Amino acid sequence: MSSQATLARWRHALSTINPPSGELDAVSRWLVITRAGVLPMTLTAGAVAGLLAVRAHGFAAGWFALAFIGIVLAHVSNNLVNDLFDTSEGLDTGDYPRALYAPHPILSGMISRGGLIRAAIAVNAADVVILIVLVAARGWVVLAFGIAGVILNVAYTAPPLRLKKRGLGELDVLLVWGPLLIAGTYYSAVGRVPWQVWPAAIPYGLLCTAVLMAKHIDKLPWDEKAGVRTLPVMLGEARARTVTNALMVLFYVAVAADVAVGALPWPALAAFGGLPLLFRALKALRRPRPEKPPRGFPIWPLWFVAFAFTHTRRAGALLVAGLAVAAVFGVGPHWLR
């Protein structure tokens, strides 16, 4: 197989979270097992942290790179642990959306339960090593960020808390992909966290929460039947759609407010280039779900999450681009220069 064909297969696995046709190569298999297609959310959060930190006094590229790898591994761990616990608790079955929109690692036979446990242990062990190194370099505050991340990671699906079943999973994601990842990575890179980093972390956290809300709206009929009280189950579909739309709109409000108070540089307003996809997502969430998927739609029965995710990817990328311009040219509030 040519290198071009191999790359095309990997792109398919990344963009659809589904395996390419034909014999499954090792890389594509692990891209599917780890749900690598959703990792851009963490890559973007890490990039936001790095670009806010890069001109700060005390910035260490090596510690930033190590923290960046650590948060990506933490996201991989989250995906693996979710599949393990949801299978053990009997939620993930052959007719539950997790096994319908993409092959479930265990139920599809891509990997045994023991193999998935070993993979999760290996990823978490690597993260522990990274945490130890960063604590030695930056102090015990890094440990606090790390422990908070582990607790929220495991508690999302694991008993006894199982935040996802108590309407708290969405708040979990807002805290993790906003303040925890961005402020924690910033601290690892610089050794302190100015107050401006906290509000600067909120906009992207709102986008990631909107993605989860949309996904839980898609899964609402199954979750309601299984007794999984996600926030959309508790609110009802109509109100959950309104909240999801509000989260996406609030991203732009938060970016503008951050620029106004000096928490973000003015080139961050490039994120407003995501408005066309916002309008498309808002329109989709106001309309009924189609009875059948459009031809070639890869993640059915999920629907609304596709619009929220593509909007998040575009708006997040433009936010990063704006921060990169500010970092290169040294523009923006004094704390960034």
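The values are calculated or read from the model by the stated rules, or taken from the named source; none is laboratory data. Nothing here was measured: the structure is a model prediction, and the numbers come from that model. Positions of Cβ are generated from backbone atoms using ideal geometry, with glycine treated the same way; all protein chains shown enter the neighbour counts. SASA here: full protein model, heavy atoms, side chains in, ligands and nucleic acids out. Shrake-Rupley method; radii C 1.70, N 1.55, O 1.52, S 1.80 Å.
Taken together, the criteria place L278 among residues that are modelled with pLDDT of 95 or more and farther than 23 Å from R55 by Cβ.
Set side by side, the residues R138, R113, R166 differ, and just one is among the charged types (D, E, K, R) and within 21 Å of the chain's Cα centre (by Cα), which is R166.
Listed by first and then second residue, the pairs with beta-carbon distance under 9 Å, at least 6 apart or on different chains, first residue in region 26-41 and closer than 11 Å to W10 by Cβ and open to solvent by 20 Å² or more (accessible area, probe 1.4 Å), second in a helix (DSSP H, G or I) and modelled with pLDDT of 95 or more, are W30/A119.
Per this entry, V123 is counted among residues that are in contact with a helix residue (DSSP H, G or I) (Cβ under 6 Å, 6 or more places away or on another chain), modelled with pLDDT of 95 or more and either under 19 Å from T42 (Cβ atoms) or open to solvent by 40 Å² or more (accessible area, probe 1.4 Å) (or both).
Matching residues to (1) closer than 26 Å to H12 by Cα; (2) open to solvent by 30 Å² or more (accessible area, probe 1.4 Å):
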site	(1), (2)
L100	yes, yes
V133	no, yes
A136	no, yes
V142	no, no
F145	no, yes
L161	no, yes
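Inspection of region 70-80 finds no residue satisfying the criterion of being more than 20 Å from V154 (Cβ to Cβ), surrounded by 20 or more Cβ atoms within 10 Å (Cβ to Cβ) and touching a residue at least 24 places away in the same chain (Cβ under 8 Å). Please go through region 298-337 and pick out each residue that is over 30 Å from P265 (Cβ atoms) and open to solvent by 50 Å² or more (accessible area, probe 1.4 Å). P298, W300, listed by residue number. Considering G50, G22, G58, G90, the condition of being more than 19 Å from the chain's Cα centre (by Cα) and in contact (Cβ under 8 Å) with a residue 40 or more places away in the chain is satisfied by G58 alone. Name the residues in region 48-58 that are open to solvent by 20 Å² or more (accessible area, probe 1.4 Å) and within 13 Å of A326 (Cα to Cα), would you? Scanning region 48-58 gives L51, V54, R55. Selection over region 7-17 of residues that are open to solvent by 30 Å² or more (accessible area, probe 1.4 Å) and either in contact (Cβ under 8 Å) with a residue 12 or more places away in the chain or within 23 Å of the chain's Cα centre (by Cα) (or both) gives a count of 6.
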